Amino acid sequence: MNRRGCSTVSANPGRVRPVVPRYLLVLGGSLVAVFVWSGIGPRDVATWWLEVMPVIIGVPILVATYRRFPLTSLAYILIWLHAIILMVGGHYTYAEMPLFNWIRDAFALSRNHYDRVGHFAQGFVPAILAREVLLRTSPLRAGKWLFFLVCCVSLAISAFYELVEWWAALLTSPETGTAFLGTQGDVWDTQWDMALALVGAICSQLFLGRLHDAQLTRRAEPPVQSDRASPEQP
């Protein structure tokens with residue numbers, strides 16, 4: 001029994017294996033369900049593949065690294081939320097998401113803004129992931145330099161994704177490229193996308209930084225005590 005009252009299973013008496021928390025099983029099961037729904041009759045099959053590819057790549061990596069480098073619950077929940085946004089966008093395409101079509105028509109907006117939500121999340125979610133990796137694997141501590149570097153990482157991810165969109169548009173059909181880019185006639189769409197990712201990274205750290213720090217503190221394991229008595233000091 002571990003310090004939080006959760007049982008552990010170990011084939012090796014000297015090594016304790018963490019039990020997968022129930023909330024992760026719920027997140028994983030719901031993610032699979034949405035993935036299956038997303039892949040049934042998408043508006044454009046090629047666009048669907050392009051949109052959900054980060055999920056197809058990222059989820060196996062998270063599963064493979066869980067025992068060696070488990071993340072905080074905040075990070076896993078945000079990744080789950082981002083994956084849902086990507087899969088919904090893949091099913092409908094970002095320019096034709098029905099709820100945001102209704103919002104566009106109801107408020108006389110110039111475009112479907114679901115892709116704006118997606119790019120805000122593209123900064124909001126990776127910011128917490130980058131923050132966690134930097135805090136746990138580098139000498140950095142919470143503060144101005146961490147805040148700045150997390151923003152830089154998030155903005156770099158957004159810029160790289162814009163390059164991926166450009167390459168995909170060049171390599172696929174005009175229809176698929178247009179659906180994947182989701183510019184909807186806005187010549188400044190790429191700049192908007194990166195700006196929203198930066199705003200998302202800033203908001204994520206401002207609003208969730210303390211919660212994230214608290215979870216990182218709670219998940220830190222106490223030092224392992226040896227069974228052998230320490231030699232007496234002279």
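Considering segment 90-100, the residues that are part of a helix (DSSP H, G or I) and free of Cβ contacts under 8 Å to residues at least 60 places away in the same chain include one that is surrounded by the most Cβ atoms within 10 Å (Cβ to Cβ), namely 90. Those residues that are buried (at least 24 other Cβ atoms within 10 Å of the Cβ) and either polar (S, T, N, Q) or assigned to a loop (DSSP other than H, G, I, E, B) (or both), I need them from segment 113-130; list them, please. Residue satisfying the conditions is 122 alone.
Take residue 86 and tell me if it is crowded, with 17+ Cβ neighbours inside 10 Å, more than 22 Å from residue 168 (Cα to Cα) and at pLDDT 95 or above.
Working: crowded, with 17+ Cβ neighbours inside 10 Å: yes; more than 22 Å from residue 168 (Cα to Cα): no; at pLDDT 95 or above: yes.
Answer is no for this residue.
Among the residues making up segment 139-157, a single one is exposed (fewer than 14 other Cβ atoms within 10 Å of the Cβ) and in contact with a Leu (Cβ under 9 Å, 6 or more places away or on another chain): 141. Does residue 19 count as surrounded by 16 or more Cβ atoms within 10 Å (Cβ to Cβ) and either farther than 25 Å from residue 173 by Cα or modelled with pLDDT of 95 or more (or both)? Answer is no for this residue.
Would you check if residue 26 is under 24 Å from residue 214 (Cβ atoms), at pLDDT 95 or above, of a type in the set (Val, Ile, Thr) and out of contact with any helix residue (DSSP H, G or I) (no Cβ under 8 Å at 6 or more places or on another chain)?
Numbers: under 24 Å from residue 214 (Cβ atoms): yes; at pLDDT 95 or above: yes; of a type in the set (Val, Ile, Thr): yes; out of contact with any helix residue (DSSP H, G or I) (no Cβ under 8 Å at 6 or more places or on another chain): yes.
It is true that residue 26 is under 24 Å from residue 214 (Cβ atoms), at pLDDT 95 or above, of a type in the set (Val, Ile, Thr) and out of contact with any helix residue (DSSP H, G or I) (no Cβ under 8 Å at 6 or more places or on another chain).
In segment 203-218, the residues that are under 15 Å from residue 126 (Cβ atoms) form Cβ pairs under 8 Å with partners that are of a type in the set (Lys, Arg) and surrounded by 13 or more Cβ atoms within 10 Å (Cβ to Cβ), at six or more places apart or across chains, as follows: 205/131; 209/131; 212/131.
For residue 133, indicate whether it is in a helix (DSSP H, G or I), of a type in the set (Val, Ile, Thr), under 28 Å from residue 39 (Cα atoms) and under 18 Å from the mean Cα position of the chain (by Cα). When the stated conditions are applied, residue 133 does not pass them. Which residues, taken from segment 37-56, are loosely packed, with under 14 Cβ neighbours inside 10 Å, over 19 Å from the mean Cα position of the chain (by Cα) and either at pLDDT 95 or above or at positive phi (or both)? Scanning segment 37-56 gives 37, 40, 41.
Kindly establish whether residue 177 is closer than 22 Å to residue 84 by Cα, assigned to a helix (DSSP H, G or I), modelled with pLDDT of 90 or more and of a type in the set (Gly, Ala, Ser). Here the answer is no, as residue 177 does not meet what is asked. Does residue 105 qualify as being surrounded by fewer than 21 Cβ atoms within 10 Å (Cβ to Cβ) and more than 22 Å from residue 71 (Cβ to Cβ)? Judged against the criteria, residue 105 is a match.
The values are calculated or read from the model by the stated rules, or taken from the named source; none is laboratory data. No experiment lies behind these values; they were computed from the predicted model shown. Counting neighbours? That spans all protein chains shown, and the Cβs are built from the backbone with ideal geometry, glycine included.
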